[in-house]
Amino acid sequence: MSSRTSKSMFLVLLVLIIGVFVGSVQAKNVCGTTGLINIPTASVRASGSMNLAYNWFKKGHYTSMVLGVFPGVEVGLAGRLDNSNELILIGNLKVKLLEETAEYPGIAAGLRASMGDVSYYIVGSMQIGMPGVRAHAGIGTGEFSNPFAGISTVLNPVSVSAVDKEFNVPLTTLTCEWDGSSIHAGVLLKFKNQLEGRLTITDFAKIGVGVNYTYSF
């Protein structure tokens, strides 16, 4: 695929995702499913809700849409344009199998398809220790054939406003994960109207930034 064609298709995908839904308009990973950074978690989007995201990394650009289509079921689509100007589409499906309880983790199973390859996984998520601290772990086939795990923690459970109300401290979540081959870390800042910003460090060497918007209908 030519460089110009790849860029054009990526821009069309971006415009369709943003233009169609923003006009009518949980942590999310960059590959089109609810998760941390690269890894999925056992959370799924609520039925009738949608997340739109754009992430930039030194290795390329990602745009994605995740939609809660039924209770306990989400689908996602992501587009990646790497530095060689090759467009890669990534499709996702995830189903909640078990709800989390005080004693047992929530469990979900899913698949990720890209370039003719399909990878399957099962993942569990559970609060551990203090409220707001959650652990995630899973394994599967293909790109998930190595065990993956991560942890996320909410620093401030609510948005904090200054006395003069001119400055709000956004809800802040820290994440760290092992995706089966590398360690990544990030911070997610949630602002008003379900708008979130993301700062990511991949391999503890490369910085990425992103923004996402959640909408319920």
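Scanning the range 70-87 for residues that are more than 17 Å from the chain's Cα centre (by Cα) and of a type outside the set (A, V, I, L, M, F, W, C) yields 71, 82, 83, 84, 85, 86. The number of residues in the range 84-142 that are surrounded by 13 or more Cβ atoms within 10 Å (Cβ to Cβ) and assigned to a loop (DSSP other than H, G, I, E, B) comes to 5. Residues in the range 20-59 that are part of a loop (DSSP other than H, G, I, E, B), surrounded by fewer than 22 Cβ atoms within 10 Å (Cβ to Cβ), at pLDDT 85 or above and not hydrophobic (A, V, I, L, M, F, W, C): 38, 47, 48.
Scan the range 184-217 for residues that are of a type outside the set (Gly, Ala, Ser), in a strand (DSSP E or B) and within 16 Å of the chain's Cα centre (by Cα) and the total you get is 18.
Counting residues in the range 185-195 that are at pLDDT below 95 and either of a type in the set (Ser, Thr, Tyr) or in contact with a helix residue (DSSP H, G or I) (Cβ under 6 Å, 6 or more places away or on another chain) (or both) gives zero.
Tell me which residues, restricted to the range 190-210, are of a type in the set (A, V, I, L, M, F, W, C) and under 28 Å from residue 147 (Cα atoms). It would help to see each step written out before you state the result.
Here is the first cut: in the range 190-210, the residues of a type in the set (A, V, I, L, M, F, W, C) are 191, 195, 199, 201, 204-205, 207, 209.
199, 201, 204, 205, 207, 209, listed by residue number.
Counting the residues of the range 66-91 that are more than 25 Å from residue 42 (Cβ to Cβ) and among the charged types (D, E, K, R) gives 2. Scanning the range 88-114 for residues that are under 14 Å from the mean Cα position of the chain (by Cα) and either closer than 14 Å to residue 126 by Cα or basic (Lys, Arg) (or both) yields 94, 112.
The values are calculated or read from the model by the stated rules, or taken from the named source; none is laboratory data. Keep in mind it's a predicted model, so treat the numbers as computed, not measured. In this analysis, Cβ positions are derived from the backbone assuming ideal geometry, glycine residues included, and neighbour counts consider all displayed protein chains.
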